[in-house]
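Have a look at the structure below before the remarks.
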Amino acid sequence: MSDYFSVLFVGGTGAISGSCVAEAVSQGLAVSVLNRGRSSRLRPLPAGVEVLTGDITDPASVRAALRDRHFDAVVNFLCFDAEGAARNVELFTGVNSHYVHISSASVYHRPLPKGPVSESTYAHNPEHAYMRDKVEAEKVFLDAFARQGFPVTIVRPAHTYDEAIAPLAGGWAVVDRIERGEPVVVQGDGTSLWTFTHAADLAVGLVGLLGRRSAFGEAFHITSDDVLSWNQIYQAIGHALGVEPTILHLPTDLIMLAEPDWFWSGLLDGDLSHSEVYDTTKIRSYVPGFRPSRVFEREVYQILAWRREHPDLAVADPAEVAVQARLVAAYERARAAVVAG
């Protein structure tokens with residue numbers, strides 16, 4: 001890939017997109033980002049990245065920002081449904097030589113089949129609107145590929161994090177509770193297996209796909225082999241904090257009943273409560289340099305260091321604080337009632 005290979009990232013300051021921008025810059029690509037022009041204190045853009053100001057949901061603003069330019073690749077992190085997919089097919093037809101749609105590994109049918117999941121697993125997960133919409137977006141892009149040769153590749157990240165994220169249901173609120181020695185809720189018995197992927201590792205795989213005509217019309221999940229049970233995840237956080245976490249195991253159905261409006265409730269049954277282990281043969285065959293090396297049990301120290309250095313940014317969401325408190329209080333009331341007989 002030459003120094004003149006140009007790539008446009010739609011977004012560019014999120015956990016995954018920020019790492020992909022940094023990786024593309026490190027590989028010598030000519031990197032542009034399209035977003036609403038808001039600077040990010042979490043993930044500042046590297047020097048030399050061109051910023052184009054536009055709103056991907058407003059086609060007129062995108063056209064004004066691009067000014068008939070052509071890119072060797074466009075990677076869009078901000079397309080979430082069929083309507084957005086159709087809009088992007090129209091916007092980027094003829095504007096790029098390779099379009100990468102960022103979908104999600106949550107599209108795979110649950111319960112997942114036995115053994116590591118491959119890309120051939122049925123993309124159908126109706127448990128949550130986010131998942132349903134991602135499936136429908138994929139269908140629009142693949143139909144455009146079949147009908148008009150739209151040069152799309154679908155990338156399905158699983159649970160991906162960087163140092164500026166507490167990758168848990170509840171986020172920093174849960175980390176705060178563990179640090180204070182307060183109980184934290186874990187769905188089920190905490191033994192289901194979960195795959196974490198560091199964004200910098202994922203970025204190697206994604207950037208390695210850019211410009212690959214053999215990847216047109218194909219889907220790839222890009223994940224690591226870092227698999228832990230939820231109990232191990234919470235214990236790793238506690239170990240790094242120097243605290244033994246107090247874990248309360250609550251049935252998923254009970255959590256969903258107690259907190260039906262909680263964002264994570266919709267993801268528990270359709271995602272977080274299932275063991276998720278992925279077969280990465282396909283991405284490794286396309287990108288031999290994709291060899292994830294970061295593991296959560298070590299990276300958690302970087303997360304906690306970032307938290308100490310950015311106390312104004314690593315702030316618990318008040319809504320998450322309230323949910324955790326209510327769930328723990330409900331557990332304690334039920335426990336007291338059982339003990340009282």
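The share of alpha-carbon pairs in segment 194-253 lying farther apart than 20 Å comes to 51%. Taking the fewest neighbouring Cβ atoms within 10 Å as the starting point, the ordered list for Val7, Val89 is Val89, Val7. Here, segment 222-341 yields an orientationally averaged convex hull projection of 10.2 nm² when only Cα atoms define the hull. Close amide H pairs (under 5 Å, H built 1.01 Å from N) link Val117 with Val277, Tyr278, Asp279, residues at least 5 positions away or on another chain. Between segment 236-291 and segment 163-178, the C-alpha centres lie 12 angstrom from each other. Among Gly217, Gly28, Gly190, whose mean-square fluctuation peaks in a Gaussian network model of the chain (Cα, cutoff 10 Å)? Ranking Gly217, Gly28, Gly190 by mean-square fluctuation puts Gly28 first.
All other residues whose Cβ lies under 14 angstrom from that of Leu250 are scored, Lys and Arg at +1 and Asp and Glu at -1, for a net of -2.
For segment 1-67, the square roots a ≥ b ≥ c of the C-alpha gyration tensor eigenvalues yield an a/c of 1.5 or more together with a/b not exceeding b/c, which makes the shape oblate. Take the Cα radius of gyration of segment 124-267 and divide it by 2.2 N^0.38 Å, N being the number of residues; the result is 1.28. From the alpha carbon centroid of segment 65-131 to that of segment 1-61 is 18 Å.
For the chain, the Kirkwood hydrodynamic radius from C-alpha pairs, put into Stokes-Einstein at 20 °C and a viscosity of 1.002 mPa s, yields a diffusion coefficient of 101 µm² per second.
Expressed to the nearest 5 percent, the antiparallel share of DSSP beta bridges inside the chain is 15 percent. In the chain, helical runs assigned H by DSSP with n ≥ 4 each contribute -39500 (n - 2.57); averaged across all residues and rounded to the nearest 500, the mean residue ellipticity at 222 nm is -12000 deg cm²/dmol.
For segment 293-341, treating each Cα as an identical point scatterer without solvent, what Debye log10 I(q)/I(0) comes out at q = 0.14, 0.16, 0.24 1/Å? For segment 293-341 at q = 0.14, 0.16, 0.24 Å⁻¹, log10 I(q)/I(0) is -0.62, -0.70, -0.87.
When the convex hull of the Cα atoms of segment 245-289 is projected onto a plane and the area is averaged over all directions, what value comes out in nm²? For segment 245-289, the mean projected area of the Cα convex hull comes to 5.5 nm².
GNM remark for the chain: springs join alpha carbons under 10 Å apart, and the peak mean-square fluctuation among Ala169, Ala60, Ala215 falls on Ala60.
Taking Leu267, Leu210, Leu254 in turn, the Gaussian network model of the chain (Cα-Cα springs below 10 Å) assigns the largest fluctuation to Leu254.
Rounded, prolate or oblate: which one fits segment 39-109, using the alpha carbon gyration tensor with axes a ≥ b ≥ c (rounded when a/c is under 1.5, else prolate when a/b beats b/c, else oblate)? Cα axes put segment 39-109 in the oblate bin.
Considering only trypsin sites (Lys or Arg not before Pro) in DSSP loops that have at most 14 other Cβ atoms within 10 Å, the longest stretch of the chain without any of them is 115-341.
Where a number appears in this text, it was derived from the coordinates with a stated rule and is not lab data. Since the structure is predicted, the reported quantities are computational estimates derived from the model, not experimental observations. Here the Cβ is made from the backbone with ideal geometry for all residues, glycine too, and neighbour counts use every protein chain on show.
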